Amino acid sequence: MNPIFEFFFGQYSEYETIDIVLEIVAVFFGFLSVWFSKQNKVLVFPTGMISTVIFVYLLLKWELLGDMMINAYYFIMSVYGWYIWTRKVDDKHVTPISRMSFNEKKISIAIFLVTLLFVFLVYQAFDKWTSWVAYVDTITTAIFFVGMWLMARRKLENWIFWIIGDVVSVPLYFYKGFTFTSLQYLGFTFIAIFGYLAWKKSIDNNPLTA
């Protein structure tokens, strides 16, 4: 076997074929979801829900509890976000892209801290503090929880949280042995950067929403 191929994909030799196929499908719909988010299209939510349902199953099977909770939370926030994005603020307009308010900043900090505590307790309950990965997983879970809540509310700053979480997740998932998912987060990083720029341009063109 080619050494490069073995380095990136050798771990899949121990996986069931159905799990490999499911991971690829989940990654595909995950990319679609982030792309639709960048484009500011509500299709971000149904495509994301498909991806998250698959990942919840896989991550539960792989005993990655923090990651599993991230995806379960994504699913719930997708339902909420679908409602917010399609809710009309008047007869003609739906909820616009905007910046965080002071109150939303306080809520974001609260979500981050509560998530840290919750994931800590889950790992403690299941005795999963077996490596440094668990600690990093706890932090990225909190980052993504805030990012998803802000995206559901159509806030520009959601992209900053996605970028930070994605950058950390690329080497983390590769270390865990999930190459396809690691590559997904690498792609997410670039899309998130362009997403931030696109949403910022939208706000700059409509100062009333800033």
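Residue-wise test of (1) of a type outside the set (Phe, Trp, Tyr); (2) out of contact with any Gly (no Cβ under 9 Å at 6 or more places or on another chain); (3) surrounded by 17 or more Cβ atoms within 10 Å (Cβ to Cβ).
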residue: Ser78; (1), (2), (3): yes, no, yes
residue: Pro96; (1), (2), (3): yes, yes, no
residue: Ser101; (1), (2), (3): yes, yes, no
residue: Ile107; (1), (2), (3): yes, yes, no
residue: Val114; (1), (2), (3): yes, yes, no
residue: Phe126; (1), (2), (3): no, yes, no
residue: Trp129; (1), (2), (3): no, yes, no
- Item | Criterion (touching a helix residue (DSSP H, G or I) at 6+ places or on another chain (Cβ under 8 Å), under 27 Å from Leu197 (Cβ atoms), at pLDDT 90 or above and buried (at least 21 other Cβ atoms within 10 Å of the Cβ)) met by exactly one of Phe29, Phe45 | Phe45
- Residue list for segment 167-201, restricted to those being surrounded by 15 or more Cβ atoms within 10 Å (Cβ to Cβ), more than 16 Å from Phe28 (Cα to Cα) and of a type outside the set (A, V, I, L, M, F, W, C): Ser169, Tyr173, Lys176, Gly177, Gly195, Tyr196, Lys200
- Kindly provide the set of residues from segment 122-138 that are closer than 17 Å to Leu60 by Cα and either touching a Cys at 6+ places or on another chain (Cβ under 7 Å) or assigned to a helix (DSSP H, G or I) (or both), ordered by number. Val122, Tyr123, Gln124, Ala125, Val133, Ala134, Asp137, Thr138
- Which one is nearest to Phe55 (Cα to Cα) among residues in segment 152-162 that are touching a Gly at 6+ places or on another chain (Cβ under 9 Å) and not in a loop (DSSP other than H, G, I, E, B)? Trp162
- Note on the structure: In segment 27-63, anything in contact with a Leu (Cβ under 7 Å, 6 or more places away or on another chain) and either in contact (Cβ under 8 Å) with a residue 40 or more places away in the chain or β-branched (Val, Ile, Thr) (or both) is listed as Thr47, Ile54
- Message: Taking the criterion of being assigned to a helix (DSSP H, G or I), among the β-branched types (Val, Ile, Thr), at pLDDT 90 or above and touching a strand residue (DSSP E or B) at 6+ places or on another chain (Cβ under 8 Å), would at least one residue in segment 177-199 satisfy it?
- Response: no
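The values are calculated or read from the model by the stated rules, or taken from the named source; none is laboratory data. None of the values given here were measured: they were computed from a predicted structure. Ideal geometry is used to build each Cβ from the backbone, glycine not excepted, and the neighbour counts take in all protein chains shown.
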